[in-house]
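Trainee: Before anything else, here's the structure in question.
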Amino acid sequence: MPSTTPQTSPRRQSGLTLIECLIGVTVTCMAAGAVVPSFGRMAEKRHLEGAAAQLKTDIQFTRSMAVTLDEPLRLRVQQDAGGSCYVVYRGPANSCGCASGSAPVCAEPDSLVRGVRLPAPAGVQMQSNVSSMLFSPLQGTVTPTGTLRLTGREGRSLHVVVNLMGRARTCTPGGAVGGYPTC
């Protein structure tokens, strides 16, 4: 005689157990922990590349404006506790500059063509082997030639080298920043 009690199969549960969830969270945290430091290095590289690209563009702009206006233009570089800055202006040497932590200013307000400040907290500092460069309207030449060094928080740097013809190139010492030729 067959049994009249219905046979039920074990019920399958759907979803995740607490242990499975914890394993997933642990793996995610370990992956994020490995990626976060590289985001910091990548952000610093982008800040450094952006500052170098802006400086190189402003040097090319200064050269072309000197020729276009048929007037000598200067690029002056300064560093102070508030950061670094450079000023593009017309007029005598040292007639424009940057006060500590403020925007670039000139003795004659009409002299200022462009001023850029790199604040210290931004993480990019600029140094130069010359305090100013004079861009001549004749063929766009520059005297003296110079190297402007942009350095990030972790010590990696890009150099913007300006030659006699007023042309700028970007390089990195010792290959510290990928994608740029070695200086």
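The values are calculated or read from the model by the stated rules, or taken from the named source; none is laboratory data. No experiment lies behind these values; they were computed from the predicted model shown. All Cβ positions, even for glycine, are placed from backbone atoms using ideal geometry, and neighbour counts span all protein chains on display. Keep in mind that these areas ignore ligands, DNA and RNA; they rest on the heavy atoms of the full protein, side chains included. Shrake-Rupley method; radii C 1.70, N 1.55, O 1.52, S 1.80 Å.
Trainee: Here is a list of conditions, (1) touching a Pro at 6+ places or on another chain (Cβ under 7 Å); (2) closer than 14 Å to Gln79 by Cβ, and Leu150 meets all of them except one; can you say which number that is?
Mentor: Leu150 satisfies all of (1) touching a Pro at 6+ places or on another chain (Cβ under 7 Å); (2) closer than 14 Å to Gln79 by Cβ except (1).
Trainee: Sticking with this one: If the requirement is being out of contact with any strand residue (DSSP E or B) (no Cβ under 6 Å at 6 or more places or on another chain) and either under 19 Å from Glu49 (Cβ atoms) or of a type outside the set (D, E, K, R) (or both), which of these qualifies: Pro119, Pro109, Pro104?
Mentor: Working: Pro119 fails: out of contact with any strand residue (DSSP E or B) (no Cβ under 6 Å at 6 or more places or on another chain); Pro104 fails: out of contact with any strand residue (DSSP E or B) (no Cβ under 6 Å at 6 or more places or on another chain).
The match here is Pro109.
Trainee: Given the conditions (1) assigned to a loop (DSSP other than H, G, I, E, B); (2) free of Cβ contacts under 8 Å to residues at least 24 places away in the same chain; (3) open to solvent by less than 30 Å² (accessible area, probe 1.4 Å); (4) among the hydrophobic types (A, V, I, L, M, F, W, C), which single one is not true for Val177?
Mentor: (2)
Trainee: Output the number of the condition that Gly166 fails; it satisfies all remaining conditions of (1) part of a loop (DSSP other than H, G, I, E, B); (2) in contact with a strand residue (DSSP E or B) (Cβ under 9 Å, 6 or more places away or on another chain); (3) surrounded by fewer than 20 Cβ atoms within 10 Å (Cβ to Cβ).
Mentor: For Gly166, the exception is condition (3).
Trainee: Additional query: Answer with yes or no whether Thr172 is over 15 Å from Lys45 (Cα atoms), free of Cβ contacts under 8 Å to residues at least 60 places away in the same chain and not charged (D, E, K, R).
Mentor: Judged against the criteria, Thr172 is not a match.
Trainee: Would you confirm whether any residue within segment 113-120 is open to solvent by 60 Å² or more (accessible area, probe 1.4 Å), in a strand (DSSP E or B) and closer than 17 Å to Phe61 by Cβ?
Mentor: Within segment 113-120, one or more residues are open to solvent by 60 Å² or more (accessible area, probe 1.4 Å), in a strand (DSSP E or B) and closer than 17 Å to Phe61 by Cβ.
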